[in-house]
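**Student:** This is the structure, below, for whatever I ask next.
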Amino acid sequence: MRLTQQEADPIGGITAAPLVVVGAGLTVTTSVVLTVAHWSEVGSPWAAFLAIALVATAGGCAAVLAAPGRAPFRTESLWLVVALALGGAIAEYLSTIGANRFLYDDFGPVVVGMLILSLAPFCTWVSLLFSGVVATAVLSILIIGSPATTVIAAPVVTLVAVESASVLALTAAAAGYSWAIVAVTLAWQREANRAALQRDSELRAGIARSVQQSRVSVLGREVLPFLAGVMTADRISVADADRARELAEALRRALKAGIESTWLDDLAATIRLSRGIPVSVDDPTGASDDLADDQRSALTALLTWLSEGSRSAGIRMSIELEVSRRRLVITSANGATPPSRRELDRFIAVARAVSMRAEALVTRENVRVELSHVPG
């Protein structure tokens with residue numbers, strides 16, 4: 001369960017990115033409205049403006065770092081956003097120090113909690129919970145220094161509990177969402193993988209039967225008549241020997257191709273049979289087997305999508321071995337309705353979310369996608 005929604009469901013992570021922008025906008029609006037509401041308590045306008053600026057920076061960083069083009073979102077990014085938001089809370093405290101009559105109109109706890117909640121799809125429940133606890137501890141220190149000037153006389157523990165409630169509640173909501181959505185997604189994936197494995201075994205069996213029938217047809221069409229002719233001939237000529245050598249080499253290549261075929265070859269064969277477009281794979285070393293399961297899923301989704309709806313007239317794939325990486329190049333000849341760059345960007349974001357470098361180039365003639373990864 002140490003996964004994020006973005007890692008377990010990259011498409012869901014992409015659709016959740018706009019929510020971060022909304023959350024960032026709400027935090028900035030909240031900081032401005034509450035600052036105006038208790039402006040009579042502000043003793044240092046510059047500190048108040050700095051507080052709003054830090055909150056805006058935190059929201060901007062959250063929106064930018066959670067964008068699909070920068071996937072995956074890292075824990076360090078969460079701590080950066082929380083640190084900037086806490087900086088805004090500290091600046092707000094300094095702006096009203098000695099004159100803060102009411103604690104409920106301070107925006108620090110609410111802003112920090114809202115930012116943590118908006119980043120829930122991109123962080124693990126553990127990191128969200130830990131960041132919320134740390135933020136609560138920092139904000140509690142500020143609250144302890146405020147009761148001397150507040151109108152309401154209450155024990156410090158009570159004030160800390162009341163003011164920390166918003167951060168802890170929003171943090172608990174974020175952690176609960178992250179845990180629940182990952183659990184549901186993984187459960188769904190297990191069921192889908194079980195069905196896919198069953199379908200894959202049936203498909204492989206069908207391909208194996210198809211290859212076997214193809215080899216039998218070659219034997220029946222070429223080898224058996226040749227052997228019958230040789231057996232009835234008075235003597236074997238040089239041409240017969242050459243023909244026998246050619247047939248033996250053809251059978252050897254067919255058998256070798258069947259033994260050395262990878263899952264990518266099987267996928268290409270499936271696309272050829274189901275879509276009726278030429279698909280070629282150049283993977284002489286079998287490097288495609290180094291791809292992790294989620295990377296294979298992302299590549300399968302891309303190839304399946306490219307082969308649908310007359311997007312492609314033909315697909316060529318090649319895997320090149322570099323010093324420490326594997327580079328896979330997909331070249332798709334444009335069909336009647338070629339894909340747009342905006343459509344490809346979604347798959348690029350998914351590839352990056354599963355630890356692959358991805359770049360796409362769209363021209364009038366073809367679409368070229370380059371994926372690279374470090375084998376585990």
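The values are calculated or read from the model by the stated rules, or taken from the named source; none is laboratory data. All figures in this text were calculated on a predicted structure; none of them were measured in a lab. So basically every Cβ, Gly included, is an ideal-geometry build from the backbone, and we count neighbours across all protein chains shown. Note: accessible area is taken over every heavy atom of the protein model, side chains too, but ligands, DNA and RNA are not part of it. Shrake-Rupley method; radii C 1.70, N 1.55, O 1.52, S 1.80 Å.
**Student:** Using the Cβ atoms and a cut-off under 15 Å, what net charge is assigned to the surroundings of Arg70, where Lys and Arg are +1 and Asp and Glu are -1? Don't skip to the end; give the middle numbers.
**Tutor:** Working: positive: Arg74, Arg346, Arg352, Arg357; negative: Glu7, Glu76, Asp345, Glu359.
It works out to a net charge of 0.
**Student:** Using 0.36 nm per residue, how much length does the chain from Val157 to Ala37 gain when fully extended, once their Cα-Cα distance is taken away?
**Tutor:** Numbers: separation 120, 0.36 × 120 = 43.20 nm, distance 2.57 nm.
Fully extending the segment from Val157 to Ala37 adds 40.6 nm.
**Student:** Turning to a different aspect of this structure: Considering amide H positions built from the backbone, and no H for Pro or chain starts, which residues 5 or more places from Val281, or on another chain, come under 5 Å of its amide H?
**Tutor:** Counting only residues 5 or more places away or on other chains, the set is Met317.
**Student:** Give me, ordered by chain and number, the residues 5 or more places off Ala313 or on other chains with an amide H under 5 Å from its own placed amide H.
**Tutor:** For Ala313, whose amide H was placed from the backbone, the distant partners under 5 Å are Ala333, Asn334, Gly335.
**Student:** Would you mind working out the accessible area per residue for the range 315-371, using a 1.4 Å probe, and quoting it in Å²? Provide the component values of the computation, followed by the final result.
**Tutor:** Numbers: 3120 Å² over 57 residues.
Dividing the accessible area of the range 315-371 by its residue count gives 55 Å².
**Student:** Work out, step by step, the length gained on full extension between Asp345 and Ile141: first 0.36 nm times the residue separation, then minus their alpha carbon distance; give nm to one decimal. The partial results should precede the final answer.
**Tutor:** Numbers: separation 204, 0.36 × 204 = 73.44 nm, distance 4.50 nm.
Residue separation times 0.36 nm, minus the Cα-Cα distance, leaves 68.9 nm.
**Student:** How large is log10 I(q)/I(0) at q = 0.27, 0.30 Å⁻¹ when the Debye formula is applied to the Cα atoms of the range 29-94, each weighted equally and without solvent?
**Tutor:** Ignoring solvent entirely, the Cα scatterers give -1.08, -1.23.
**Student:** Which whole-number percent gives the relative contact order of the range 1-84, counting Cα pairs below 8 Å spaced six or more residues apart?
**Tutor:** Numbers: 62 pairs, mean separation 29.3, N = 84.
Relative contact order here is 35 percent.
**Student:** Check which residues have an amide H placed less than 5 Å from Thr96's amide H, if you skip close sequence neighbours.
**Tutor:** Gly43
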